[in-house]
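Bear in mind these aren't lab numbers, they're just calculated from the coordinates by the rules spelled out. Remember, it's a predicted structure, so these values are computed and weren't measured experimentally. Here the Cβ positions follow ideal geometry from the backbone for every residue, glycine too, while neighbour counts run over all protein chains shown.
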Amino acid sequence: MFSLDPVLLARIQFAFTVSFHIVFPAFTIGLASFLAVVEWRWLKTGNAYFRDVYKFWVKIFAVAFGMGVVSGVVMSYQFGTNWSVFSDRIANVLGPLLGYEVLTAFFLEASFLGIMLFGWGRVSRRMHFVSTCIVAGGTLVSAFWILAANSWMQTPQGFTLAADGRLMPSDWLEIIFNPSFPYRLAHMVTAAYLSTAFVVGGVGAFYLWRKRHMPQARIMLGMAAIMAALVAPAQLAIGHMHGANTMQYQPVKVAAMEGNWEHTANAPLYLFGIPNQEKETTEYGLTLPGGASWVLTGSVDGVIPNLKSFPADERPPVLPVFWSFRVMVGLGLLMICIGAVSAVQYVRGKLFTTRWLQGWWMLMMPSGFIALLAGWFVTEIGRQPWTAYGIIRTAQSVSPAILGPQVAWSLLAFVVMYTFVFGAGSYYILKLIGKGIPTADDKEQYYRHGVEASVIEASTSREDGNV
């Protein structure tokens, strides 16, 4: 009779929900900062096109923020239903970190989000700009605490083990600023900015392609091109430092990323290959001799971790880690390429008129999210078979009374509900993009905000007479 493994199903359920969830907070982190910069440019220049861009993207921000909150709540319940042993053992360490995220970030965002979304025309310009900046700062504070908690699970320290098996905090600074935290925070925030930049740039390219909203589209594509040209290469450097840190504290994860089973020195870099965990080899490999050693140590003779030096029951699933890493790096290199090409075209005065480049930007719209998810798969699958690395195994973390059919039915319910809810939200965002950008001359937009059109029209003529 077919058996439903509750541990595997619980892992799939959490992976499914967190994969949906992470996309929306990452998008709002980048989009909130983008909105702050756009509003600052409007206040500084008085150019109404910046105001149009802000009002367009703030609606999309509201939808993404709401979907991020909804998808995040579900995961909290899973800690209690599916992972009660893990929650009980590490609650004294991770519980306060997650509580600080709510107290310092979520409350801050929620308090000023209303002003950001509905305060236009009701509060002063300065107050509205401050609210946007506070919301943007709140998203970064939220990332700080969530990454501190998740990084501790990768590189745990600052605790003692009680007689009953529970982990008790002994040094909060060590817990928060654990060895992998600075690298993972920088890598994640930069990934969020790049993901948002490629969405904004892709929408700008779409409007330029269709010859709609040309001034606003230039603003969007221009700002996205700056991010791609400057931040994508920086992300490569941050990722390299993160990899070096991972090799020091989680060497088996790096061995899986490289598909390296035997070599210690002069390890080849696999451009392509199919890791076979049963045969303990990477088949059909296309390699650069000494490449992995050179990338990780700076020398082709450098020593790197190999999988066979670890017990078989302490190795992660190699195939998904190996290929997720290559998807992430490959898309990162494409981002660097399009950033460099866009910079050249800008210097030549052709950034906003080159059709094939506009098509490339549109194709790259989902690239940041795909790379983001691939990076998370590397991080989370590569940590297996541990929930807290080296402290508690995944098989020991699951709730003792959990049954496979229960998890299977709840997973099916999640798939159905997420498809409906987030499909509808994504469809609405696409509808907003298809509808286009409401301009400063669209009086109906002002009626919706309860402001007399005549007053707005008069103020607009004074403020934006140079446009």
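Data overview
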item	result
Computed Kirkwood radius, in angstrom, where 1/r is averaged over Cα pairs of the stretch 99-199	15.6 Å
Distance between modelled label sites at residue 240 and residue 280, nm, 7 Å Cα→Cβ extension	3.3 nm
Measure of compaction for the stretch 31-85 (Cα Rg per 2.2 N^0.38 Å)	1.76
Estimated 222 nm signal from helices in the chain, with DSSP H stretches of n ≥ 4 weighted -39500 (n - 2.57), rounded to 500	-24000 deg cm²/dmol
Dipole-positive endmost among 415, 305, 256 within the chain (Cβ charges, Cα centre)	415
Unit charges on C-beta of K, R, D, E only; dipole of the stretch 194-398, Debye	1240 debye
Rel. contact order, % - alpha carbon contacts under 8 angstrom, at least six apart, the stretch 194-398	27 percent
Cα-only radius of gyration and Dmax that characterise the stretch 158-223, units Å	22.4, 69
Entry for Kirkwood radius over Cα pairs in Å (calculated from the structure that is shown) out of [x] 23.4; [y] 22.6; [z] 24.1	[z]
Stokes-Einstein diffusion coefficient of the stretch 194-398, Kirkwood radius over Cα pairs, 10 °C, 1.306 mPa s, in µm²/s	86 µm²/s
Burial ranking of peptide ranges 254-261, 48-55, 167-174 (average Cβ count within 10 Å, highest at the top)	254-261, 48-55, 167-174
Dipole magnitude of the chain, debye to nearest 20 (Cβ charges: Lys/Arg +1, Asp/Glu -1, about Cα centre)	1520 debye
Cβ-based charge dipole, the stretch 194-398, positive-most Cα from 318, 226, 269	226
Dipole-positive endmost among 349, 87, 18 within the chain (Cβ charges, Cα centre)	349
Tilt relative to the chain, helix 125-154 - C-alpha long axis, 0 to 90 degrees, to 10	10 degrees
Debye, to nearest 20: dipole size of the stretch 1-84, +1 on Lys, Arg Cβ, -1 on Asp, Glu Cβ	360 debye
Residue pairs, from the table 253/279; 59/211; 350/431, whose Cα atoms sit over 26 Å apart	350/431
Mean Cα-pair separation over length for the chain, i.e. relative contact order, pairs under 8 Å, 6 or more apart, %	20 percent
Stokes-Einstein D in µm²/s, Kirkwood radius over Cα pairs - the stretch 1-72 at 25 °C with 0.890 mPa s viscosity	170 µm²/s
Percent antiparallel among DSSP beta bridges (both partners in the chain, rounded to 5)	90 percent
